[in-house]
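Have a look at the structure below, then the notes.
The values are calculated or read from the model by the stated rules, or taken from the named source; none is laboratory data. This structure is a prediction, so every number in the text was calculated from the model and none was measured. With ideal geometry, Cβ positions are generated from the backbone for all residues, glycine too; neighbour counts draw on all protein chains shown. The protein model used for the area step is the full one, side chains on, heavy atoms only, and it has no ligands, DNA or RNA in it. Shrake-Rupley method; radii C 1.70, N 1.55, O 1.52, S 1.80 Å.
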Amino acid sequence: MRPLTVIGNWKMNGSIAGNAIWIEAVCSEMEKGMPAGRRYGVCPPYPFLAQCGGLIQSCSLAPLSLGAQDVSAEQLGPFTGEVSAAMLSEFGCTYVLVGHSERRDRYNESDQLVAEKALQVLDHGMTPIICVGETADERNSGRAVEVVRGQVAKQVAILQDRLADSLIAYEPVWAIGTGKVASAQIAQDMHREIRLQLAEFDADVASHVGILYGGSVKPDNAVELFAMPDIDGGLIGGASLDPQEFLAICRA
Ligand code: PEP
């Protein structure tokens, strides 16, 4: 049985004062009790990891984990501006996003680089959340499955059975930050496709890997999405900035 996982991605948002209010609001509600068998995480920008990690640790009963939004594919050395997996691990991260479409698009991250980043995350005992997804043009030209299969294929080729310790996030680029959520059926169809592709490699890996949906998830569409058999939770951008919306999605 795959646990439902809900991860908030704050992107380049947050402030020292605002983060404290968010963590206090979410943790105090979570400490009152959350649905069993679920996992929750939040990915603040790098400079806030220490603050948010400390605040989360101090509410030890809240089932909330810390995550990061990216990582270097390098281990250490002359890579100005980069942050290594070892550092993220020292800061108490459980999850690390790799290959978010904003990084693939704006920083030209390739499938090869995304897989190398995921390996770094795995080597340091954390869980990579490997993001894949097609653009609007790719979907409109009937190439959505081909594109996503290509992205997944590279991860399978490089990570092999280490994929069993990873999460995949299907995030159609046309749904990210646009308010145009994929219908539950469109999302389920792609999640099924990804699971079938993983099963071509290894049935056991396929049945273990959580596949999250991301793209304009809100409290009012989360219930239907999360009810789908191959949707194992969500990666939440905009709606995770509001603690009450994030909590409502966590309970969906
Ligand atoms: C994201 O950036 O991962 C995301 C899913 O964003 P949003 O929820 O705002 O569409």
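Do we have Leu241 as touching a residue at least 12 places away in the same chain (Cβ under 8 Å), more than 14 Å from the chain's Cα centre (by Cα) and under 19 Å from Pro44 (Cα atoms) here? Criteria met by Leu241. Within segment 128-159, the residues that satisfy the criterion of being within 16 Å of the ligand (Cβ to nearest atom), in contact with an Asp or Glu (Cβ under 8 Å, 6 or more places away or on another chain) and not in a loop (DSSP other than H, G, I, E, B) are Cys131, Val132, Val148, Gln151. Counting only helices (runs of 4 or more DSSP H) that sit wholly inside segment 9-99, those with at least 2 residues that are polar (S, T, N, Q), in contact with a helix residue (DSSP H, G or I) (Cβ under 9 Å, 6 or more places away or on another chain) and free of Cβ contacts under 8 Å to residues at least 60 places away in the same chain are 49-58.
Of the residues that sit in segment 209-236 and are among the hydrophobic types (A, V, I, L, M, F, W, C), more than 24 Å from Gln197 (Cα to Cα) and more than 8 Å from the ligand (Cβ to nearest atom), which one is least open to solvent (accessible area, probe 1.4 Å)?
Here the residue is Ala222.
Report yes if Ile130 is aliphatic (A, V, I, L, M) and either out of contact with any helix residue (DSSP H, G or I) (no Cβ under 8 Å at 6 or more places or on another chain) or closer than 26 Å to Val181 by Cβ (or both), otherwise no. Against the criterion (aliphatic (A, V, I, L, M) and either out of contact with any helix residue (DSSP H, G or I) (no Cβ under 8 Å at 6 or more places or on another chain) or closer than 26 Å to Val181 by Cβ (or both)), Ile130 qualifies.
For residues that are farther than 30 Å from Asp204 by Cα and of a type in the set (Gly, Ala, Ser), scanning just segment 1-31, find the one that is surrounded by the fewest Cβ atoms within 10 Å (Cβ to Cβ). Steps first, please.
Of all residues in segment 1-31, those farther than 30 Å from Asp204 by Cα come to 10-31.
Filter once more, so that each one left must be of a type in the set (Gly, Ala, Ser): 14-15, 17-18, 20, 25, 28.
Numbers: Gly14: 18, Ser15: 10, Ala17: 8, Gly18: 13, Ala20: 13, Ala25: 15, Ser28: 13.
Across segment 1-31, the extreme among qualifying residues is Ala17.
Give me the pairs, please: first residue somewhere in segment 189-216 and touching a residue at least 60 places away in the same chain (Cβ under 8 Å), second residue anywhere and open to solvent by 50 Å² or more (accessible area, probe 1.4 Å) and polar (S, T, N, Q), beta-carbon distance under 8 Å, and either six or more positions apart or on two chains. From segment 189-216, the pairs are Gly215/Thr178. Look through segment 82-91, keep the residues that are of a type outside the set (S, T, N, Q) and farther than 18 Å from Val114 by Cβ, and return whichever of them is least open to solvent (accessible area, probe 1.4 Å). Filtering segment 82-91 for residues that are of a type outside the set (S, T, N, Q) and farther than 18 Å from Val114 by Cβ, the one least open to solvent (accessible area, probe 1.4 Å) comes out as Ala86. Suppose the filter is touching a strand residue (DSSP E or B) at 6+ places or on another chain (Cβ under 6 Å), in contact (Cβ under 8 Å) with a residue 24 or more places away in the chain and not basic (Lys, Arg); does Gln112 pass it? No; evaluated as a whole, the condition is false for this residue. The one condition from (1) open to solvent by less than 50 Å² (accessible area, probe 1.4 Å); (2) at pLDDT 95 or above that Cys59 does not meet is (2).
Take Gly177 and tell me if it is at positive phi, surrounded by 22 or more Cβ atoms within 10 Å (Cβ to Cβ) and in contact with a Gly (Cβ under 8 Å, 6 or more places away or on another chain).
Details: at positive phi: yes; surrounded by 22 or more Cβ atoms within 10 Å (Cβ to Cβ): no; in contact with a Gly (Cβ under 8 Å, 6 or more places away or on another chain): yes.
So Gly177 does not fit the description; no.
When Ala239 is tested against (1) within 15 Å of the ligand (Cβ to nearest atom); (2) open to solvent by 20 Å² or more (accessible area, probe 1.4 Å), only condition (2) is not met. Considering segment 122-136, the residues that are among the hydrophobic types (A, V, I, L, M, F, W, C) and touching a Leu at 6+ places or on another chain (Cβ under 8 Å) include one that is surrounded by the fewest Cβ atoms within 10 Å (Cβ to Cβ), namely Leu122.
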